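Single-structure report; data block below.
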Amino acid sequence: MNESHDREIIGGHLLVIGGAEDKYNERRILRKFLELAGGDAAEVLIVPVASDYPEFAADVYTQAFRNLGVANPRVLRATSRQDVVGTAGADLLDGVTGVFISGGDQMRLVSILGGTEFAARLRKLVRETPIVLAGTSAGAAGMSTSMIVRGEALPHPQKNSVRLSPGLGFLKNIIIDQHFTERGRISRLITAVSYNPYNLGIGVDENTAIILNGNGVLEVFGAGAATIVDGSQITYNGIAEVADTEAFSVCGVQLHVLRDGLLYDYLDRHPLPLKNEFLLPDLG
């Protein structure tokens, strides 16, 4: 998996949050976001368009970031695609060091932002600058090139237990699933990976994040775990041979469960030694 066309192009960091992150007490993940975005000098843009109530979501994160020292967080105030296309939304990215995409519905997020000047400029900034892009829940799922938009938490992998759709494309060949352990979503992530084992599946628990940099290093950060489903070594895959409502068999799936502080090479697909045992690539 180390061919050049598989390499992620990330100038800064991606912070992918499983949802329900602490916004009122320790706020460890939000603090990490601001630390990566420049600390006291961070210029933050909140993107709440995935939410059913974007103004409420904007107010929650605006207050949270103000309490952490950001004097004037910016907000992309849009409730429809017309609001993004018809305004100077992309201009809000001028001088921004951190962008935070809220939760809600990832289909709403992508249908509003996909193909806009705002999304194109944000992708360019992610590729070419040290900007930090964070997404929580739906904002996390929407980062993928191929994202999960619907799916049932079934006891066994089943062919029609998950629905995939194009995402915003910040994460190539990676599928994100959120609220992972809390909602029992392991079977649907295995199903999503089985559709095309070229994709790496990553399930992120609530109040937990994965931090990815352009060197291919992923770090788990927070209260829960990240579950990695690697289908690249699958030896048997029966998903194409069963009816839509049937369970299927798959052999050779590799599974990793990583908690706070553990590292994973998401390009070459293997866990990395603990930071206190070996010298590892710098995440900063």
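Since every read-out is calculated from the coordinates, none of them should be taken as a lab result. Keep in mind it's a predicted model, so treat the numbers as computed, not measured. Every residue, glycine as well, gets a Cβ built from its backbone with ideal geometry; the counts of neighbours run over all protein chains shown.
Annotations
- Across all Cα pairs in the range 177-221, the calculated P(r) in 10 Å bins from zero up to the longest distance comes to 26, 46, 28, 1 percent per bin.
- The Rg/Rh ratio of the range 106-202, with Rg taken over Cα atoms and Rh as the Kirkwood radius over Cα pairs, comes to 1.00.
- Calculated on the Cα set of the range 64-159, radius of gyration then Dmax: 15.3, 49 Å.
- Hydrodynamic radius by Kirkwood, which averages 1/r over all alpha carbon pairs of the range 174-284, in angstrom: 14.7
- Applying D = kT/(6 pi eta Rh) to the chain, where Rh is the Kirkwood radius over alpha-carbon pairs, T corresponds to 25 °C and eta to 0.890 mPa s, the Stokes-Einstein value obtained is 129 µm²/s.
- Normalised per residue, the volume of the convex hull around the Cα set of the range 1-109 (Å³): 140
- In percent, rounded to a whole number, the relative contact order of the chain is 20, using alpha-carbon pairs under 8 Å and six or more apart.
- The protection proxy used here, the mean number of other Cβ atoms lying within 10 Å of each residue, ranks peptides 239-250, 118-129 as follows, highest first: 118-129, 239-250.
- Förster radius 30 Å - calculated FRET efficiency between A240 and V85, Cβ distance, rounded to 0.05: 0.15
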